[in-house]
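Report on one structure; see the data block that follows.
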Amino acid sequence: MQHCLILGGGLSGKAAERLAVSLGFSAAVLSDSPGLDADAAVAPADLVVTSPGVKPLTSPLWQAAMRRAARGECEFLSELEFGFRHWPGRVFAVTGTNGKTTTTELTAALLSAAGVDARPAGNIGYPLSDLAADLREGKLSAEALPVVEVSSFQLERCDTFAPYAAALLNLESDHIDRYAGGFGEYAAVKRRIFDRVAPENRVYGLSMDSPSPRRVTLCGEALMVDGDEVLIDLGDTALSAPHNRENLAAAVELCLRVLPAEAVLSPEFRLAVRTFHPGRHRLEAVHEAAGVRFVNDSKATNPASTVAALRSTPGMVVLLLGGLDKGMDFSPIAPFADRIRFAVLYGECRSKIAAALPPSVPTADCGMDFALAVGTAREHARRGDTVLLSPACASMDMFRDYKERGDRFTEYVRNGAEP
């Protein structure tokens, strides 16, 4: 019996283990730990599958697997690649620095409205390996169409991943701590999503140059299909903010790769666009008191996301910023200084953010005390302001994930956290 070693647990690791067992492998999940002999741990494996959270630059297990694979002693795959190899049908893929989750959910919802058995998957929370295991267990048809949210981490150990159609939404500073080559290497990894996609099925976000003509365009507030057909007035949707227009345009472009234009222009499809609402933790209004709005944008884990939130939020903002330092450039926030009444800084990289803000922005350093940060933000807000949690950073210095951070913010503002 062949042995499969999975690096890192979590959802992806458990999904890879499940698929490996269904394929007849013996399987084990292992994470880096002090004193572990990584070379010895990897030595028995015929196949090594890595979870996206395992960092190549700092993981001894990842590096040991890489050395062994380079010698031809085992295969070394990402969980995404592993799942794809055992999915016999078509796959859609979505990547980019920002907007991946919304675009993935939206594409799946729109395809479903048109009668396609579309399944949101990947980095969104249901790994492709789980879908492949569902198929093997008879729980899913091969006619299903996974719409896979893909991170750069998942693309790192892919060599056959070939989506039928794919979207690259945008490229901004993020995860620079993971790549020795900085932003250039990060961008190159992201672009791998198109390596095995036919040119006519490569979709680029509206903020990027597209080598081929777009079928979906904007004309004022109207979303147009094929130049002269109005799909919908964006004012009739929950997707009128600039970043969500990009997400919607990309989702409709993807749908047009498997649907005829008349299906996209149908009443059912239009209704699905009109009624779609982005998920939680994305510019989510969670409370209002004394004329102050409180908005949870905890999913803003890089500066570009925070810039998008500032562009979408009217009036003056009391901004909560901070979290895990991923080696990112926070200077894009500075041009919005005249919109920031007060900046509340917390978490690991609060000093780095403070240095990137102009002196005209008053700040408070709340250390690692998130309750203090939320209470301080409330204290500095005036009637008509928005208290905006849009941290520009990952959450794992203080929280399990961005969802826990957003839930804590919501709890504090509703229950009256005080400084």
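The values are calculated or read from the model by the stated rules, or taken from the named source; none is laboratory data. Everything numeric here is computed off the predicted structure, so don't read it as measured data. We place every Cβ from the backbone using ideal geometry, glycine too, and count neighbours over all the protein chains shown. With ligands, DNA and RNA removed, areas are computed over all heavy atoms of the protein, side chains included. Shrake-Rupley method; radii C 1.70, N 1.55, O 1.52, S 1.80 Å.
Cα centroids of the stretch 246-295 and the stretch 133-153: how far apart, whole angstrom?
Centre-to-centre distance over Cα atoms comes out at 23 Å.
Please arrange Glu105, Glu143, Glu229, Glu200 by accessible surface area, largest first, computed with a 1.4 Å probe and ligands excluded.
Most to least solvent-accessible, the answer reads Glu143, Glu200, Glu229, Glu105.
Pop out the ³J(HN,Hα) list for the stretch 392-404 in order, Karplus 6.51 cos²θ - 1.76 cosθ + 1.60 with θ = phi - 60°, rounded to Hz; leave Gly and Pro as x.
6, 8, 5, 9, 6, 6, 10, 9, 5, 6, 5, 5, 4
Over the chain, with the other protein chains present, what is the accessible area per residue in square angstrom, probe 1.4 angstrom?
Numbers: 16650 Å² over 419 residues.
That works out to 40 Å² for each residue.
Would you mind estimating how fast the stretch 37-195 diffuses translationally, via Stokes-Einstein at 20 °C and 1.002 mPa s with the Kirkwood radius over Cα pairs, in µm²/s?
Details: Rh = 16.4 Å.
Reported coefficient: 131 µm²/s.
Would you please state the base-10 log of I(q)/I(0) at q = 0.12, 0.19, 0.24, 0.25 1/Å for the stretch 123-209, with intensities from the Debye formula using one equal scatterer on every alpha carbon?
The Debye formula, applied to the Cα set alone, gives -0.43, -0.97, -1.31, -1.36.
Estimate the FRET efficiency between Ala188 and Asn415 by the formula 1/(1 + (r/R0)^6), using the beta-carbon distance for r and 45 Å for R0, to the nearest 0.05.
Values: r = 46 Å, r/R0 = 1.02.
For R0 = 45 Å, the calculated efficiency reads 0.50.
For the chain, what is the Kirkwood estimate of the hydrodynamic radius, computed as the reciprocal of the mean inverse distance between distinct Cα atoms, to one decimal in Å?
One decimal place: 22.6 Å for the Kirkwood radius.
In whole Å, how far is the Cα centre of the stretch 350-405 from that of the stretch 301-324?
About 10 Å separates the Cα centre of the stretch 350-405 from the one of the stretch 301-324.
Over its Cα atoms, what ratio of radius of gyration to 2.2 N^0.38 Å does the stretch 217-353 give? Walk me through the intermediate numbers first.
Working: Rg = 18.0 Å, N = 137, 2.2 N^0.38 = 14.3 Å.
This ratio for the stretch 217-353 stands at 1.26.
For the chain, with a Gaussian network of springs between Cα atoms less than 10 Å apart, report the residue from Ser212, Ser78, Ser390 with the top mean-square fluctuation.
Top of the fluctuation ranking is Ser212.
Any idea which of Phe370, Gly384, Met396 is furthest toward the positive side of the dipole for the stretch 359-416, if Lys and Arg beta-carbons carry +1 and Asp and Glu beta-carbons -1?
Gly384
So how exposed is Phe294, as accessible area in Å² (1.4 Å probe, rounded to 10)?
Phe294 exposes around 0 Å² with every protein chain in place.
Applying the Karplus parametrisation 6.51 cos²θ - 1.76 cosθ + 1.60 with θ = phi - 60° to the phi angles of the stretch 362-378, what ³J(HN,Hα) value in whole Hz is obtained for each residue in order, glycine and proline being reported as x?
Running phi through 6.51 cos²θ - 1.76 cosθ + 1.60 with θ = phi - 60° gives x, 9, 10, 9, 9, x, 9, 9, 6, 4, 4, 4, 5, x, 5, 4, 4 Hz.
Hey, got a sec? Which trypsin sites (Lys or Arg not before Pro) in the stretch 1-82 land in a DSSP loop and have at most 15 other Cβ atoms within 10 Å?
Passing both the DSSP loop test and the Cβ count: Arg71.
Could you give me the ³J(HN,Hα) list for the stretch 334-340, computed from phi with Karplus coefficients 6.51, -1.76, 1.60 and θ = phi - 60°, whole Hz, x at Gly and Pro?
After applying 6.51 cos²θ - 1.76 cosθ + 1.60, I find 4, x, 9, 4, 6, 9, 9 Hz.
Above 20 angstrom, tally the Cα pairs of the stretch 1-65 and express them as a % of all pairs, no decimals.
On the way: 405 of 2080 pairs.
When all Cα pairs of the stretch 1-65 are counted, 19 percent exceed 20 Å.
Mind checking the full-extension length gain between Ser141 and Ser26? Use 0.36 nm per residue of separation minus the Cα-Cα distance, one decimal, nm.
38.8 nm
Cross-chain or 8 or more residues apart, Cα under 27 Å: how many lysine pairs in the chain fit that? Count them up, please.
29
Expressed as a fraction of 2.2 N^0.38 Å, the rule-of-thumb size for a compact globular protein of N residues, what is the C-alpha radius of gyration of the stretch 274-322? Kindly include the intermediate steps, with their values, before the conclusion.
On the way: Rg = 11.4 Å, N = 49, 2.2 N^0.38 = 9.7 Å.
That ratio works out to 1.18.
In what sequence, largest accessible area first, do Met398, Met368 appear using a 1.4 Å probe?
Numbers: Met398 50, Met368 105 Å².
Correct descending sequence by accessible area is Met368, Met398.
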